[in-house]
Amino acid sequence: MLLFVSATTLLACEDEWFVPLLPPPADSAPVLWMWVGAEDDAPPCIDGQPPKWEGWMVDAPEGLPDTCDACECGPAACELPTTVMANAMTCPGGSTSIALDAGAGWDGTCAALPSPVQPDDVASIVYEPPTLSPCTPSATPEPPPVPARFVRVCAGNTAQEPPGFIPCMQASSEGTCRRGLTRHEFFEQLIDNRACAPCECGPPAGGRCVADVGLYGDSACSDRMVTGLPVGLGETACADVTSPLPLSAMRATLVEEEPGACSPSVAAVLGTLERREPHIVCSYSEIWWDTP
């Protein structure tokens, strides 16, 4: 019986060029045979024997990723102002104003005021600016897949090498391997308790939005009282009113509409991968027994 040792195995010994001879078991066969790969491709143990162990080997020497797939944010849409302020004094107006509110979510169509404002009560109008809507974050991603391979270990009570398997032996009670052998740890159960933090979007920025709000002397928005006064993001504007008509309705359009953007959050991985029922085996790598 001959023991073959490859140069690759010798290089695995960092402190000296020496690999101790490994006494074969009494039946001249390795103690165990191990197969590693995709679960669907795993061959059965030889002679129909049941596996000694099955499990999963995690290939993440530097740890699992701590971030999920990148989050994204939808555009920050331009939104019309919903309120103008009517003032009894000419621009810039006084301290007493009447808020004319078209209601949240107003789409700019003609909105009749519940109570028209009489001409003697309106000398000027202060126009509020358009705004940017919050961005909509992308759906919460899934955690990165666990880089794990299926492991099947069969009893080594045969000197015939099962196709695709490598010879190995069980590690010591301390979980160590003899010099010259390669240590492999796997687990019968991997329970993935990980999740990704929800995606979030920062405040909207950029963009260009300009609104034109028209005021009308009738509830059908046919008799406009004030010439258009476009108002951009972050601006306010004031216009004097000289119409003898009561302020009865308002209508608005976006004359410029360029959405803004938001910065997405980084979705961190929450939770842990639980590893249960560990096993450690030591493979002969490129050391094998040549039996007559």
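If you plug the beta carbon distance of ASP47 and GLU174 into 1/(1 + (r/R0)^6) with R0 = 35 Å, you get a FRET efficiency near 0.60. What FRET efficiency comes out for THR109 versus THR83 if R0 is 25 angstrom and r is the Cβ-Cβ distance? Round to the nearest 0.05. E between THR109 and THR83, to the nearest 0.05, is 0.95.
Counting charges near VAL210 (Lys, Arg +1; Asp, Glu -1) among other residues having Cβ under 11 Å from its Cβ returns a value of -4. What is the sum of charges around VAL153, taking Lys and Arg as +1, Asp and Glu as -1, for the other residues whose C-beta is under 10 Å from the C-beta of VAL153? The answer is +1. Length gained on full extension, GLU258 to SER219, computed as 0.36 nm times the residue gap minus the Cα-Cα distance: 11.0 nm. Per residue, the accessible area of the chain comes to 55 Å², computed with a 1.4 Å probe over protein heavy atoms only. Listed values (1) 52, 46, 38; (2) 71, 47, 29; (3) 115, 42, 28 include one computed from this model; for Cα extents along the principal axes in Å that value carries the label (3). Put +1 on the Cβ of every Lys and Arg and -1 on every Asp and Glu Cβ in region 99-217; which of CYS168, PHE186, CYS199 then has its Cα farthest towards the positive end of the dipole? Farthest towards the positive end: CYS168. With a sphere of radius 15 Å drawn around the Cβ of ALA268, what net charge do the other residues whose Cβ falls strictly inside it have (Lys, Arg +1; Asp, Glu -1)? Local charge sum for ALA268: -3. Residues whose amide H lies under 5 Å from that of THR67, counting only those 5 or more places away or on a different chain, are VAL269; hydrogens are built 1.01 Å from N in the peptide plane.
Under a Cβ-only charge scheme (Lys and Arg +1, Asp and Glu -1), can you give me the dipole magnitude of region 164-240 about the Cα centre, in debye to the nearest 20?
Approximately 780 debye in magnitude.
When Rg and Dmax are taken over the Cα atoms of region 87-206, they come to 36.5, 108 Å. Taking 0.36 nm per residue of sequence separation and removing the Cα-Cα distance, the SER265/SER243 pair yields an extension gain of 2.8 nm.
Helical runs assigned H by DSSP (4 residues or longer) give the chain a calculated mean residue ellipticity at 222 nm of -500 deg cm²/dmol, each run adding -39500 (n - 2.57) before division by the residue total. The order of the peptides 98-108, 122-132 by mean Cβ neighbours within 10 Å, most packed first, is 122-132, 98-108.
Put a dot 7 Å past the Cα of THR67, heading toward its Cβ, do the same for ARG149, and the two dots end up 2.9 nm apart. Calculate what fraction, in whole %, of the accessible area of the chain sits on carbon and sulfur atoms when a 1.4 Å probe is rolled over the protein chains. The nonpolar share, carbon plus sulfur, comes to 52 percent.
Label zone of GLN189 (point 7 Å out along Cα→Cβ, amide N under 20 Å): in region 229-272 this covers 271-272. Under 5 Å between amide hydrogens, built in the peptide plane, is the criterion, and for ARG208 it picks out GLU258 among residues at least 5 positions away or on other chains.
The values are calculated or read from the model by the stated rules, or taken from the named source; none is laboratory data. Quick caveat: nothing in here was measured; it's all calculated off a predicted structure. Backbone-built Cβ (ideal geometry, glycine too); neighbour counts: all protein chains shown. With ligands, DNA and RNA removed, areas are computed over all heavy atoms of the protein, side chains included. Shrake-Rupley method; radii C 1.70, N 1.55, O 1.52, S 1.80 Å.
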